[in-house]
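Structure first, commentary second.
The values are calculated or read from the model by the stated rules, or taken from the named source; none is laboratory data. A quick note: this is a predicted structure, and the numbers were derived from the prediction, not measured. So basically every Cβ, Gly included, is an ideal-geometry build from the backbone, and we count neighbours across all protein chains shown.
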Amino acid sequence: MDPGQPAGADPTGGPAGQDMLGFLPALQALWSARQPQQFKEEAWRGFAALDDPHTALLDLLEARTAPWRKGPSLEAWLVRELERWLQARPPLGPSQGGPGLGPLQARAARLLADSPPSLVEPLVRIFQLQDTDRGSLLALVHQLHQEGKFKEAVMLGTKLRLQPELDLDMVSVPLLLQDQLGLLERYVEGFPGLQRRLLALLDSWCRPGFDVGVVARRYPQAAPQALEKLRPRVLTRQVLRLQNRFGLDPASCPHAVAQQRLAALRYLCYKRFVEGSMSQEDWTDFVRGLVGSSEWLQGRLLRLLASRTDAATVARCALDLSLPEEWLPATGATELRRLRLQGRPAEAPSQDTTGRYYQLPIARKDVHLLASWEELARHGAELLQPGQVVALDLEWRPSFGAWDRPPASLLQLAVRGRVLLLDLLTLSQPGGQASRALSGLVSGLLSDPSITKLGYGMAGDLKRLAASCPALALAPQQLQGGLDLQLVHGQIREADGPAPGKDRAPEPRGLSLLVQQVLGRPLDKAQQLSNWDRRPLAEGQLLYAAADAYCLLEVYWALCSEPARVHLVGDLARSPEPPGPQEAAAPPQQVLEAEAGAQAPEIPVRAFRVVCDSMLQGLARSLRLLGADVLALGSGEDHRRAAEVARQEGRIILTSGLPYHTLRSQVGDGRCLRVDCSLKAAQQAKAVLRRFNVRVSPSDIFSRCQACNCDQYLKVSKGLMTQLVGLSGQEDPSSAGDQAQSQDTQEPGSAPGETPGLTYDPPCRWLEAAELQASAPATLGNGTRLQLAGVPAGVLRRPGLRHFFCCSGCGKVFWEGSHLGRMASQFQDVLARPPGPPQPGPPAPGPPEGARPDRQ
């Protein structure tokens, strides 16, 4: 016996021949049945019978025409077994790995370009590509490139790690024209030098005046597409993203940075001269930082100014920014010389906006700027009073770069009658006493569930706070008792209907709009884009920061007192999303029961009819498993559909999040319940059953199909099922694991489908062969096709298996096993004891095993 063969393998018993097609059908059957040991023995017998296994393997892979798919494949199994077989047998000669392997290496290397990752390393080892002449591999890459197979060339170079020896421009330019930047990112992964060269190439395409069409004409084989993505203004975003991902200095992409700054200049000119929402001082400060000494940006800025404003304003801006006089038009230069002689005129006083915008209702003396640990200690106790409400907000220097995330500069904390402004630039310096005092104060505030914390977009603010202050890195996780008014605002907008069309005058947005809707006047956002890193802060900045936080308190108090005025349903003080302080401290079950009211009369589970929103798919399956009649909205269905179904069919709505308020207002009392999404599906199901006092007996388990909610099953004899599976020719090898699991988890001495004290054999009509459609043997008379792919051959041969069940609604096939006992054990605390007789309803035997009914 050949030492490289498994025991029992007969080297003469396999089919002789020059290729693997002779024993491929037998391997296909064994692979489909997931019988690895028999697969190995049959494959090794076949390998021993081949004259040249290497050539036969290449012939097989080259003959494949179907595209590779994710997951295991017969070819991948075959390649791995051939590698093991070659390793187990001694070297025999040129045809089996000796000098004759060389001519095959080029064919093997060409296959790598299209092979899935699972085949690459085995093929490299089998054909010893790691030891072959790299010159021949490079020649193959060049040949693929010359044939116009640019994607295949770069994939082969990547898999063989040839990147340092290939010309990056040759490889990358055609792929950029084909919109394959992602492939190039993988190509340069792990090669810092190549990353810098790729970034430099892309940045060169961002330079002013560059025409990508000229490059495209040099590569007609690339069939250039989506060239608009390679225009400087669009490509700039990709260049800056790669610069950030590769961790390179922004100086390595100067053209992209200049394009980004030009976009920021356009935005600032719009805010200053069209919208009028920035002061001249703030505008000059930001523009000076963006333009710097770049003559190109200075010239573009002057063109922007000339197109947006008059000569006097252009001259004043040129004076503030020290721009060259010779670049200005004649009228602007004359005005600039006059300003230099007479001096810069004072900026016109800002217009009084007292009647137009929200005004801070507390005195200026009650706004305190805290910049030392002593000041924190003096005022900290005001924030930590149990039971009070604290508003939280952040300010930071505006960012005009795609990847620039400035740290937070100011933290505003407002309580009734007072606002504390914490200077983070001073207090957050690591290692100092002020940093420790800041961490202790903010952490204590966030983690105290008795204090309600208000915010607008609170998650984003806490994330930036954590990134800005190392001592507060855990701030997002510490929050308890928070209420994000941005979520409440979404509910208000939903109740108000769609936003006005674009032909309307622009309205305030975000928090300013919420303040206008609730308090009557919007926020004045003129200081929002001021420089919050500049010290000392201007008086206008201090008042704006205080108003930005204090308005949250006033909005909250107004909504709590008159929720109906803004179409808000329910009491905001106990809003379930996010929870208030009392709810946060209560167990989820208590919260869920408190929302729905008093205990309801007992009802049988088969009479319990609900509709679940799209976020509660797991709960829907768990309730169906216990026998409840459950409709579940799909992921694309509007939540308002639940209210329609509930009214038409008398169902109870189970929902989560903000839609709860809207849905509860559209159905009767006690007909809508908000479910805690932090619970697992089984815990949610138990809480719902307890809340509505639903009676579940062991005979109710699996009385409905978890997939389609149908309660009509048919019993199929083992003989008929064997015949149907054979006619369909369908076997699902992935279900073989279910068979083994079912057998292993049965209790000793139990028959399939039994647990001590619990049996499952409800009344059920037998399916007769005559009821199946003649034209489609596996199709019921109602047109439902049986899903026989879920029935592995091993289950049909299981001793003691008496029959199968099939769902008449969706055609799923189930069989007896130990799953009934496991589910009864999981839900034993809600099952009626002792088991009573089945509740009235159509007899519907459930599937305790098969087709993975327990997967959520």
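Identify, please: which residue in the range 594-644 is in a loop (DSSP other than H, G, I, E, B) and of a type in the set (S, T, N, Q) and is, among those, modelled with the highest pLDDT?
Ser635
Being touching a residue at least 60 places away in the same chain (Cβ under 8 Å), surrounded by fewer than 16 Cβ atoms within 10 Å (Cβ to Cβ) and part of a helix (DSSP H, G or I) is the filter here; which residues of the range 372-389 pass it?
If the condition is that a residue be touching a residue at least 60 places away in the same chain (Cβ under 8 Å), surrounded by fewer than 16 Cβ atoms within 10 Å (Cβ to Cβ) and part of a helix (DSSP H, G or I), then Ala377 is the only one that fits.
Given the residues Gly580, Gly570, Gly540, which is the only one that is at pLDDT 85 or above and either closer than 20 Å to Pro386 by Cα or not aliphatic (A, V, I, L, M) (or both)?
Gly540
State all residues of the range 525-540 that are under 37 Å from the mean Cα position of the chain (by Cα) and surrounded by 21 or more Cβ atoms within 10 Å (Cβ to Cβ); if no residue qualifies, say none.
Gln527, Ser530, Trp532
Consider Leu673 carefully, then state whether it is surrounded by 14 or more Cβ atoms within 10 Å (Cβ to Cβ) and at pLDDT 85 or above.
Spelling it out, Leu673 is indeed surrounded by 14 or more Cβ atoms within 10 Å (Cβ to Cβ) and at pLDDT 85 or above.
Tally up the residues in the range 305-332 that are out of contact with any Phe, Trp or Tyr (no Cβ under 9 Å at 6 or more places or on another chain) and within 20 Å of Phe400 (Cα to Cα), please.
Matching residues across the range 305-332 total 1.
Of the residues Ala223, Ala153, Ala200, which single one is of a type in the set (Gly, Ala, Ser) and closer than 30 Å to Leu262 by Cα?
None of the other options fit; the residue is Ala200.
Could you go through the range 809-817 and let me know if any residue there is farther than 20 Å from Gln712 by Cα and of a type in the set (Val, Ile, Thr).
no
Within the group Tyr544, Tyr556, which residue is buried (at least 17 other Cβ atoms within 10 Å of the Cβ), assigned to a helix (DSSP H, G or I), of a type outside the set (Val, Ile, Thr) and in contact with a Leu (Cβ under 8 Å, 6 or more places away or on another chain)?
None of the other options fit; the residue is Tyr556.
Of everything in the range 475-528, what is among the small types (Gly, Ala, Ser), modelled with pLDDT of 80 or more and either touching a Pro at 6+ places or on another chain (Cβ under 9 Å) or not in a loop (DSSP other than H, G, I, E, B) (or both)? Give them in sequence order.
Those that are among the small types (Gly, Ala, Ser), modelled with pLDDT of 80 or more and either touching a Pro at 6+ places or on another chain (Cβ under 9 Å) or not in a loop (DSSP other than H, G, I, E, B) (or both): Ala475, Gly481, Gly482, Gly490, Gly510, Ser512.
Condition check: crowded, with 17+ Cβ neighbours inside 10 Å, of a type outside the set (D, E, K, R) and in contact with a Phe, Trp or Tyr (Cβ under 7 Å, 6 or more places away or on another chain). Does Leu156 satisfy that?
no
What about Gln429, is it at pLDDT below 90, outside any helix (DSSP H, G or I), over 30 Å from Leu519 (Cβ atoms) and among the polar types (S, T, N, Q)?
yes
Has the range 248-255 got any residue that is crowded, with 16+ Cβ neighbours inside 10 Å, over 26 Å from Lys149 (Cβ atoms) and under 28 Å from the mean Cα position of the chain (by Cα)?
Checked the range 248-255: at least one residue is crowded, with 16+ Cβ neighbours inside 10 Å, over 26 Å from Lys149 (Cβ atoms) and under 28 Å from the mean Cα position of the chain (by Cα).
Against the definition (crowded, with 20+ Cβ neighbours inside 10 Å, of a type outside the set (A, V, I, L, M) and under 30 Å from Arg300 (Cβ atoms)), how does Ser204 come out, yes or no?
no
What are the pairs with Cβ atoms under 6 angstrom where one residue, in the range 67-94, is within 17 Å of Ala108 (Cα to Cα) and the other, located anywhere, is among the aliphatic types (A, V, I, L, M) and at pLDDT below 80? Sequence gap at least six, or different chains.
Partner pairs satisfying both residue conditions: Ala76/Leu119; Val79/Leu119.
Report those helices (runs of 4 or more DSSP H) wholly inside the range 230-292 carrying at least 1 residues which are more than 30 Å from Gly193 (Cα to Cα) and without any contact (Cβ under 8 Å) to a residue 40 or more places away in the chain.
In the range 230-292, the matching helices (runs of 4 or more DSSP H) lie at 254-269, 280-291.
When residues of the range 807-824 are filtered for being assigned to a helix (DSSP H, G or I) and free of Cβ contacts under 8 Å to residues at least 60 places away in the same chain, how many remain?
Total meeting the criteria: 0.
Could you identify the single residue in Leu410, Leu369, Leu392 that is at pLDDT 95 or above and surrounded by fewer than 18 Cβ atoms within 10 Å (Cβ to Cβ)?
From the options Leu410, Leu369, Leu392, the qualifying one is Leu369.
Scan (1) of a type outside the set (Asp, Glu); (2) surrounded by fewer than 23 Cβ atoms within 10 Å (Cβ to Cβ); (3) assigned to a helix (DSSP H, G or I) for the single condition Ala685 breaks and write down its number.
Of (1) of a type outside the set (Asp, Glu); (2) surrounded by fewer than 23 Cβ atoms within 10 Å (Cβ to Cβ); (3) assigned to a helix (DSSP H, G or I), only one is false for Ala685: (2).
Would you be able to say whether some residue in the range 586-593 is crowded, with 17+ Cβ neighbours inside 10 Å, more than 30 Å from Glu281 (Cβ to Cβ) and modelled with pLDDT of 85 or more?
No.
Is it true that Leu445 is aliphatic (A, V, I, L, M), touching a Cys at 6+ places or on another chain (Cβ under 7 Å) and crowded, with 17+ Cβ neighbours inside 10 Å?
no
Return yes or no: is Leu424 crowded, with 21+ Cβ neighbours inside 10 Å and either farther than 19 Å from Leu454 by Cα or free of Cβ contacts under 8 Å to residues at least 40 places away in the same chain (or both)?
yes
Conditions first: (1) without any contact (Cβ under 8 Å) to a residue 40 or more places away in the chain; (2) surrounded by 15 or more Cβ atoms within 10 Å (Cβ to Cβ). Phe150 passes all but one, so which condition is the exception?
Checking Phe150 against (1) without any contact (Cβ under 8 Å) to a residue 40 or more places away in the chain; (2) surrounded by 15 or more Cβ atoms within 10 Å (Cβ to Cβ), the one that fails is (1).
Just need a number here: residues in the range 287-342 that are under 50 Å from the mean Cα position of the chain (by Cα) and among the charged types (D, E, K, R).
8
Within the range 781-795, is there a residue that is in contact (Cβ under 8 Å) with a residue 12 or more places away in the chain and at positive phi?
Scanning the range 781-795 turns up no residue that is in contact (Cβ under 8 Å) with a residue 12 or more places away in the chain and at positive phi.
For the range 710-723, what are the residues that are under 15 Å from Trp766 (Cα atoms) and among the hydrophobic types (A, V, I, L, M, F, W, C)?
Leu714, Val716, Leu720, Met721
Do we find that Ser703 is modelled with pLDDT of 75 or more, of a type in the set (Ser, Thr, Tyr), within 21 Å of Leu625 (Cβ to Cβ) and within 41 Å of the chain's Cα centre (by Cα) in this structure?
Taking the combined requirement at face value, the residue satisfies it.
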